[in-house]
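Beneath this line is the structure, given in structure tokens, with notes to follow.
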Amino acid sequence: METNSVVFFRSQPYPQLPSKPIIAAWKIKNPGNIGSLIRLADNIGCEELFLLDDDSPKREASIKKTAGLSYKNVKVQFVSSDRFFGMIPAGYTTCAIETAGPSVNIYETRLPEKIVFLLGSETHGLPAELLSQCQLVVHIPMTGKCMSMNVSHALAVGLFEWLRQQFFQAE
């Protein structure tokens, strides 16, 4: 069986998002991870990805390869953390996805409609000074032997749990 996801999803009666989440990530080093973040942002309908405090050059070809067609659909902005927190629209809640206390289980937490997801670097996560500026810190429960997750996988869990809560509550 051959599938065509564009045809499939255009035929689905999914509602439009009243508010799009905002995605930001701090000091992401791997260009493939940036490409994956871009693709996830596009999957959910975000138009921008903010990369905070990024000071290392990236191979744009690697980012484009991983992002695919989404590369054209999502604007990537490099900004300082201080500047970013001042750019967040009124009414949005900043939610860090991080394995740090005091975090709460993402599946036991009501995520707000207007949300900013903030993710940390692949090796160090988010520093305390950024966590303290977040109104919500969630973690993804892991029950296996590996207790870490790629930054793009963590964003996927966060974004699609948020989407599920907005529109697809089980009866």
* In sequence order, calculated HN-Hα J values of segment 94-106 (Karplus, 6.51, -1.76, 1.60; Hz; x Gly/Pro) -> 8, 10, 7, 9, 7, 8, 9, x, x, 8, 10, 5, 4
* Let me know the charge dipole size of the chain about its Cα centre in debye, to the nearest 20, where only the beta-carbon of Lys, Arg (+1) and Asp, Glu (-1) is charged. => 420
* Structure fact -> Once LYS72 and GLU113 are pulled to full extension, the length gained, defined as 0.36 nm per residue separation minus their Cα-Cα distance, is 12.2 nm
* To do: Quote to one decimal, in nm, the extra length available between SER5 and GLN135 on full extension: 0.36 nm per residue of separation minus the C-alpha distance between them.
  => 43.2 nm
* Considering only DSSP states other than H, G, I, E and B, which GluC sites (Glu not before Pro) in segment 27-92 qualify as loop sites with at most 14 other Cβ atoms within 10 Å? -> GLU47
* Which label in (1) 1.04; (2) 0.95; (3) 1.07 gives the computed Rg/Rh (Cα atoms, Kirkwood Rh) -> (2)
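Bear in mind these aren't lab numbers, they're just calculated from the coordinates by the rules spelled out. Here the structure is a predicted model, which is why all the values come from computation and not from measurement. All Cβ positions, even for glycine, are placed from backbone atoms using ideal geometry, and neighbour counts span all protein chains on display.
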